[in-house]
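Following: one structure in structure tokens, then a few remarks.
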Amino acid sequence: MLMKFLPLLVAGVACARLHSNPSSPNLIYSDMKAESDENSEPTLEEMWGGYWPFQGINTFAHLEDHKCLIDKDTNYDLAVIGVPFDTATSYRPGARFGPRAIRAASQRQTSLRGYNQRAGINPYTSWAKVIDCGDIPVTPMDNALAFKQMSKAFEELLHRRNGTSSGKAANDIITPPRYVALGGDHSVLLPHIRALHKIYGKLNILHFDAHLDTWAPDKYPSFWHSDQSELNHGSMLWKAHEEGLTTTHNVHAGLRTKLSGLEDYEDDDNQSFTRIMADDIWIDGVKSVIDKILKVIPANTPTYLSIDIDVLDPAFGSGTGTQEPGGWLPRELLHVLRSIDSLSIVGADIVEVSPAFDNAEITATNGAQVAFEILTSMVKKGPLGELVVDRLPKPVVEIFHADADKTEIDFAIEEKLKELQIMKEKVMKEIESMRNQV
Ligand SMILES: [Mn+2]
């Protein structure tokens, strides 16, 4: 009997040793040997439980998948979440297919061979529970509704959940989970940081991109205007600044965009960004880039990391909406990311991967590697509960219902008053500049 099964068993063992399905118990050779003696046949799990990297239904890095927006009882520390939204793009659309492309390109990552030697850890088997939360089902038909959906989804995910008990911070605050969002066009940053701001307060923004994305919406060429037209994939940082979500410690890295004029830099300065140009990395060296980032952004304050894949040269990132020649090499981006792992990254995104324009999965593979490095750094840094400013050390359900006596109308009024305040500040600025002209 054993002889009959041996070839199959050996094949199954090799398969399971290399790449077991993480949603089932990880099988290793010694466990299986103990279970399979001469009198027993291999279990179905032993025979069929292991996938090679190119097999199985794609989750990010073969992680366990959960419908996190529906499964409210699932706690975890880090999650990948897809945001397949691209109707705020100004040029080539297609980034709605980014999450599935990055997931497909991530298949050679498994928990069994996930040890990241630069960090000295395997992010998938360390203290943190890491899962794939699936996608936010965003409408492609109505951007106002889509932003509402994305904001609501991130709030649900961040405010109604805890990390695992292993993620408990020293001061007894239970740490909310952290997300690496797979875009989607770049505008998905805004709902993400709106939700994070409610937990951590103002955020430093570390932004890798060919473009500034601090453009006022009126820098886009349209006579026509609506509130919704202000939400595009090049104005979300401007909008975030207007809403008071960002600190004065922000960095762009990899810039090489064409400008409307030097006044773009004035706007950018007003939003407190330090600019690192794409060329700086070969003129001044990669160390100068790393040093500059670490000098501007304080390590122990909440930082949001946003990576537009177009920071890479089109040779390595053709699969994107607005490519700009003269970009970074993947090794440069990865090295910089690895070297800033002392920062407190409370959330991150990888955006603008648009597989219809990709060649041989190059862009998506770079995106998947970037996600791996971010997850590694988040795990290496450990839980960030000490940075939480707006969650009290008591069960989250109670915290979330701290406003329980407020009605929907109260919330709507608060929202309107906020809008009024923003509008007032805008008008005051206009008046000020009219006065200056007189
Ligand atoms: Mn860009």
Taking loop as defined by DSSP and a crowding limit of 10 other beta carbons within 10 Å, which trypsin sites (Lys or Arg not before Pro) in segment 266-345 fit? none
Roughly what angle does helix 2-19 make with the longest principal axis of the chain, taking Cα atoms, 0 to 90 degrees, to the nearest 10? 20 degrees
Here are some pairs, Lys198/Lys287; Lys152/Lys416; Lys239/Lys287; Lys129/Lys239; Lys292/Lys416; Lys148/Lys202; which of them have Cα atoms lying more than 28 Å apart in this structure? Lys198/Lys287; Lys239/Lys287; Lys129/Lys239; Lys292/Lys416
Mean shadow area of the chain, taken as a quarter of the surface of its Cα convex hull (nm²): 24.3 nm²
Candidate cut points under chymotrypsin sites (Phe, Trp or Tyr not before Pro) in segment 44-83, DSSP loop plus at most 12 other Cβ atoms within 10 Å of their own Cβ, are Phe54
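Please state the shape class of segment 52-169: rounded when a/c is under 1.5, otherwise prolate if a/b exceeds b/c and oblate if not, all from the C-alpha gyration tensor.
Oblate shape, in that a/c is at least 1.5 and b/c is the bigger or equal ratio.
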Compute the relative contact order of the chain as a whole-number percentage, counting only Cα pairs closer than 8 Å that sit 6 or more residues apart in sequence. 18 percent
How far apart, in nanometres, would the label points at Trp282 and Ala412 be if each is projected 7 angstrom from Cα along the Cα-to-Cβ direction? 5.7 nm
Can you tell me the 0 to 90 degree angle between the C-alpha axis of helix 362-381 and the longest principal axis of the chain, rounded to 10? 90 degrees
Nearest 10 degrees, 0 to 90: what angle lies between the long axis of helix 408-437 and the longest principal axis of the chain (Cα atoms)? 50 degrees
Antiparallel DSSP beta bridges within the chain, as percent of all bridges there, nearest 5: 5 percent
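Please tell me the relative contact order of segment 131-233 in percent, rounded to the nearest whole number, where contacts are Cα pairs under 8 Å and at least six residues apart. Write down the numbers at each step before the final one.
On the way: 59 pairs, mean separation 25.1, N = 103.
Computed value for segment 131-233: 24 percent relative contact order.
Okay, helix-only estimate at 222 nm for the chain: each DSSP H run of n ≥ 4 adds -39500 (n - 2.57), divide by all residues, round to 500 deg cm²/dmol; what do you get?
Here the helix-only value at 222 nm equals -11500 deg cm²/dmol.
Computed from the coordinates by the stated procedures, all read-outs in this text should not be read as laboratory data. Source: prediction; values computed, not measured. Methodologically, a virtual Cβ is constructed for each residue, glycine included, from the backbone with ideal geometry; neighbour enumeration extends over all protein chains shown.
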